[in-house]
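Undergrad: Handing you this structure, nothing more for now.
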Amino acid sequence: MKGQASDRPVTRRLIRLGFQLLRGRAHWQDTFPGLRIDRASGEIRYFGRKVGQLVPAALPSIDAVHIIGSGPSLAGQNLTALPPACTILLNGAISLADQLHPAAVFVEDERFVFRHFSMLSRLDPAVPLALSAAVIRAILQRDDGFLQGRRVMLIDNLLKPVHHLRRRAVSAGVDGTGLVSLDPEQGVMIAGSVACTALQFALAAQPKVIGFAGIDLSNANAPRFYESADSRAPSGIVSGLPRLLAFFAAARDVAQERGIALRCYSARSALLEIGYPYDDLLDQPRL
């Protein structure tokens, strides 16, 4: 199947395998080789040269945040119903940046860079980026000048922080379930989808509304809205669905506690099964 082109290159798979032998340090493969991220100064260095600067891991203060994934349901929806500068675009939804003028773009999995770096390269340099360490390294391997002058927020894993040993448990800044971080600057809980990470950033920003489009989950084996049947990249979401829904259920409760309304714009989303209310805003015809 052509979708296998999204897999990591052989060299990366060998590096990952080698780092598995380092107890508590396996995640250090994310920054190998050459990447150093100084959390105190925010400097991003690549083989000793400064190539970028982190900004605080926080979304702007806005009334509504709309998290846009690349689920099949997004095809044909009326995205013009969303105002500019209020969306977070995930992975392939980056292709909508010129149309939606996002508040930020989130990429967590380095495999997206291997397959779709051209999408990132076309992105307006003014758009803020939220990137994991592995994604930063993969980008710099393709273009070591890419991050210069861009606003970059680090997606750091609370349990596997950059350049530190793995932690067995974390309590500070995490909700009572231990699933949701409310302080992305300190790190987020990684739950298997970049949508979960974006939601933690959104909850921390405390908007009045958080909406979801293209976050289908239950039909993740179908081609994404920008893919065709013979160019589909594989997805692990279906097999990991119980874990994802547990996270989204915990996040739903956090939103309720913080007075944040949730809206799901996909009539096919598994989020509807756990109490996320459906909103047909994007299914309305264009005027």
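Undergrad: Restricting attention to the range 160-171, does a residue exist that is among the aliphatic types (A, V, I, L, M), surrounded by 16 or more Cβ atoms within 10 Å (Cβ to Cβ) and at pLDDT 95 or above?
TA: Yes, the conditions are met somewhere in the range 160-171.
Undergrad: With respect to the numbered conditions (1) out of contact with any Pro (no Cβ under 6 Å at 6 or more places or on another chain); (2) open to solvent by 20 Å² or more (accessible area, probe 1.4 Å); (3) of a type outside the set (A, V, I, L, M); (4) within 24 Å of Ile62 (Cβ to Cβ), which one is the sole condition not fulfilled by His101?
TA: (1)
Undergrad: Right, next: Let me confirm something: among Leu154, Leu159, Leu120, which residue is farther than 15 Å from Ala57 by Cβ, of a type in the set (A, V, I, L, M, F, W, C) and touching a strand residue (DSSP E or B) at 6+ places or on another chain (Cβ under 8 Å)?
TA: Unique residue meeting the criteria: Leu120.
Undergrad: Scan the range 144-191 for residues that are over 20 Å from the mean Cα position of the chain (by Cα) and free of Cβ contacts under 8 Å to residues at least 24 places away in the same chain and report the count.
TA: Of the residues in the range 144-191, 8 are over 20 Å from the mean Cα position of the chain (by Cα) and free of Cβ contacts under 8 Å to residues at least 24 places away in the same chain.
Undergrad: In this structure, does Ala133 turn out to be modelled with pLDDT of 95 or more, open to solvent by less than 60 Å² (accessible area, probe 1.4 Å) and over 18 Å from Arg39 (Cβ atoms)?
TA: No: the conditions fail for Ala133.
Undergrad: What are the residues in the range 58-90 that are open to solvent by less than 30 Å² (accessible area, probe 1.4 Å) and in contact with a Cys (Cβ under 9 Å, 6 or more places away or on another chain), if any?
TA: Correct list: Ala64, Val65, His66.
Undergrad: Please go through the range 66-103 and pick out each residue that is of a type in the set (Gly, Ala, Ser) and in contact (Cβ under 8 Å) with a residue 60 or more places away in the chain.
TA: Gly69, Ser70, Gly71, Ser73, Ala75, Ala81, Gly92, Ala93, Ser95
Undergrad: Right, here's the next one. Sort out which residues of the range 165-219 are in contact with a strand residue (DSSP E or B) (Cβ under 6 Å, 6 or more places away or on another chain), in a loop (DSSP other than H, G, I, E, B), closer than 16 Å to Arg263 by Cα and of a type outside the set (Gly, Ala, Ser), and write them in order of number.
TA: Pro207
Undergrad: I'd like to check something: does the range 16-24 contain any residue that is under 22 Å from Thr197 (Cβ atoms), open to solvent by 80 Å² or more (accessible area, probe 1.4 Å) and in a loop (DSSP other than H, G, I, E, B)?
TA: no
Undergrad: Suppose the filter is hydroxyl-bearing (Ser, Thr, Tyr) and modelled with pLDDT under 95; does Ser239 pass it?
TA: Judged against the criteria, Ser239 is a match.
Undergrad: Scan (1) touching a residue at least 60 places away in the same chain (Cβ under 8 Å); (2) over 30 Å from Gly18 (Cα atoms); (3) among the aliphatic types (A, V, I, L, M); (4) buried (at least 16 other Cβ atoms within 10 Å of the Cβ) for the single condition Val55 breaks and write down its number.
TA: (4)
Undergrad: Additional query: May I ask you to list the residues in the range 87-142 that are closer than 22 Å to Phe47 by Cα and of a type in the set (Ser, Thr, Tyr)?
TA: Ser121, Ser132
The values are calculated or read from the model by the stated rules, or taken from the named source; none is laboratory data. Keep in mind the model is a prediction, meaning the values are calculated, not measured. With ideal geometry, Cβ positions are generated from the backbone for all residues, glycine too; neighbour counts draw on all protein chains shown. Calculation scope for accessible area: heavy atoms of the full protein, side chains included, ligands and nucleic acids excluded. Shrake-Rupley method; radii C 1.70, N 1.55, O 1.52, S 1.80 Å.
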